[in-house]
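Visitor: The structure's right below; bear with me while I get my questions together.
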Amino acid sequence: MATAPRATPFSRHLANRFGYGWTPALQRQVDRAGGPARWFEQQLTGVGVSDAFHDTSRGWWPSLTLSGPQIWARHQAGVQEYWRATSDYQRWVLARRIHSERQVLEAMTDFWENHLHVPAVGEAQAMYRASYGAAIRAHALGSFEDLLHAAITHPAMGCYLNNAVSTAKAPNEDLGRELLEVHTLGRGNHTEDDVKASARILTGWRVALWRDWTHGYDPASHWVGPVRVAGFEHPNADPDGRAVTRAYLRHLAHHPATARRIARRLALRFVSDDPSAALVEHLAQTYLQHGTEVKPVLRALVAHPEFRRSAGRKVRTPEEDVVATYRVLGVRLARPTDDESAANALLWQTGNIGLQPFAWPRPDGRPDVAEAWSSTARVLASFDVHVALAGGWWPREQVSHRPARSWLPARRVRFAGLVDHLSRSLLGRPASPTLQRACREVVGVGAREVVDASHGVVRWDMWRLLTTVLDSPAHMSR
């Protein structure tokens, strides 16, 4: 039995935006770091922050460390269907968000994987989806220039947007178009001629689809000749087009239109559904002044008054709701053994609420506005997940749930004190009069009634209290 550490409004806000939900354990990390600003800086650099869960949990699913050809060989041998490899990656991502101490790194990996979106459902990209996620994570806090090159030339992206089959004789425009429209400049900032030239520049990055799944650069497939795209010009005379690809992507990464697009998307994700033009311009200028480096932009975002004023104004997505609920209830995952294991089953929980990680079908990635996640059906589905986890009813395999009596702050406590303790433990704030009243009504207990381990609330109804707190707007938003 222990009281929850006191959260300041800013530490709670920072943890909810750049992590996957405030928890008492995270607050202790913030306190040890010397406050929320120092915690954030520590998260950006990674110095002194363990990444052990990432390393140890990678071995929970064998497909995560395999190459595309190896995943295909296992499929052909009847060991594991290839599409299950992407499901394993989705599960690993959720598990990392729940237990990793590198919360900001996981949040930024999530952000970039949706900006440079390759669905974790579908066909050909399944062979390389986990590898793609690893490439994004490696650059998530570096420069956008390097990140863009890693993503656009990756075989997963080539498979998804058909660049893997693009040739000099028949350049496929899918990746060239989305690169301009979604990943960098945005709509209205390029022409159809730009799209054609963009596709020609990107020819040569091949994957042996549905054969042996090897990938690499093929000069014979590269379109040769002068190219011009949105201010970029190059003679493109060398059949080995890797240098022109690098120069082209560098140009796009440093383009002012890309800066504004990245800045607005960051503001949408971490500030509000309607960020001001002044904030977006401030972030865009920071991005350009620092050569597309991500960390200075994030520091500028967190330091901006608009960020501080935005606490609680973002609706949690289905993934965020499930992950935050696991975290705050102290549910611990263990290595999965079958489909009923919690580390596997939690993927179905996010799907039941509305969307599994990286399951958005279009190249523009999951929407980040409340309108997309605020339907009655979504709210009711979230309530179901809260009940299942608060009661420890599902999932039950390879997982540990806190016993009901562990939520008591002392051997004996008045009911109002218990509700306040639950609110501080789950939400990081004192219980409001509305929450106090809701909790009294849900279990039929008066505010001054004394509760101990033998009381009916602890023996039978703790799940009702926990669910009532989790169903509040304070938990459904971030």
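Visitor: If Val30 satisfies all but one of (1) open to solvent by 10 Å² or more (accessible area, probe 1.4 Å); (2) free of Cβ contacts under 8 Å to residues at least 60 places away in the same chain; (3) in a helix (DSSP H, G or I), what's the number of the condition it fails?
Guide: Condition (1) is where Val30 drops out.
Visitor: A further question on this structure: Would you check if there is a residue in region 91-109 being farther than 18 Å from Gly19 by Cβ, surrounded by 20 or more Cβ atoms within 10 Å (Cβ to Cβ), of a type in the set (A, V, I, L, M) and within 13 Å of the chain's Cα centre (by Cα)?
Guide: No, there is no match, as no residue in region 91-109 is farther than 18 Å from Gly19 by Cβ, surrounded by 20 or more Cβ atoms within 10 Å (Cβ to Cβ), of a type in the set (A, V, I, L, M) and within 13 Å of the chain's Cα centre (by Cα).
Visitor: Follow-up question, since we're still on this one. Consider Ala324 against the criteria (1) part of a helix (DSSP H, G or I); (2) open to solvent by 10 Å² or more (accessible area, probe 1.4 Å): it satisfies all of them except one. Which criterion is unmet?
Guide: Status for Ala324: all satisfied but (2).
Visitor: OK, next. All but one of (1) out of contact with any helix residue (DSSP H, G or I) (no Cβ under 6 Å at 6 or more places or on another chain); (2) open to solvent by less than 20 Å² (accessible area, probe 1.4 Å); (3) among the β-branched types (Val, Ile, Thr) hold for Thr3; state the number of the condition that does not hold.
Guide: (2)
Visitor: Kindly indicate which of Trp360, Trp348 is buried (at least 17 other Cβ atoms within 10 Å of the Cβ) and either under 19 Å from the mean Cα position of the chain (by Cα) or not assigned by the TED database to the domain that holds Pro119 (or both).
Guide: Only one candidate passes the filter, namely Trp360.
Visitor: To continue, here is another question. Would you pick out the residues in region 283-300 that are in contact (Cβ under 8 Å) with a residue 12 or more places away in the chain, in a loop (DSSP other than H, G, I, E, B) and open to solvent by 20 Å² or more (accessible area, probe 1.4 Å)?
Guide: Selection gives Gly291 alone.
Visitor: If you take just the helices (runs of 4 or more DSSP H) that sit entirely in region 427-478, which of them hold at least 3 residues that are modelled with pLDDT of 95 or more and of a type in the set (Ser, Thr, Tyr)?
Guide: Where helices (runs of 4 or more DSSP H) fall fully within region 427-478, none carries at least 3 residues being modelled with pLDDT of 95 or more and of a type in the set (Ser, Thr, Tyr).
Visitor: Further, regarding this structure: Suppose we keep only residues that are within 13 Å of Trp223 (Cα to Cα) and without any contact (Cβ under 8 Å) to a residue 24 or more places away in the chain within region 157-189. Which one would you say is least open to solvent (accessible area, probe 1.4 Å)?
Guide: Ala170
Visitor: Now for a separate question. Kindly indicate whether Trp407 is open to solvent by 10 Å² or more (accessible area, probe 1.4 Å) and of a type in the set (Phe, Trp, Tyr).
Guide: No.
Visitor: Tell me the residue from Ala431, Ala388, Ala372 that is open to solvent by 30 Å² or more (accessible area, probe 1.4 Å), of a type outside the set (Ser, Thr, Tyr) and out of contact with any Gly (no Cβ under 8 Å at 6 or more places or on another chain), please.
Guide: Testing whether each residue is open to solvent by 30 Å² or more (accessible area, probe 1.4 Å), of a type outside the set (Ser, Thr, Tyr) and out of contact with any Gly (no Cβ under 8 Å at 6 or more places or on another chain) leaves just Ala372.
The values are calculated or read from the model by the stated rules, or taken from the named source; none is laboratory data. Nothing here was measured: the structure is a model prediction, and the numbers come from that model. When we count neighbours, we look across all protein chains shown, and the Cβ atoms used for this are built from the backbone with ideal geometry, even at glycine. Areas reflect the complete protein model, heavy atoms only, side chains present, ligands, DNA and RNA absent. Shrake-Rupley method; radii C 1.70, N 1.55, O 1.52, S 1.80 Å.
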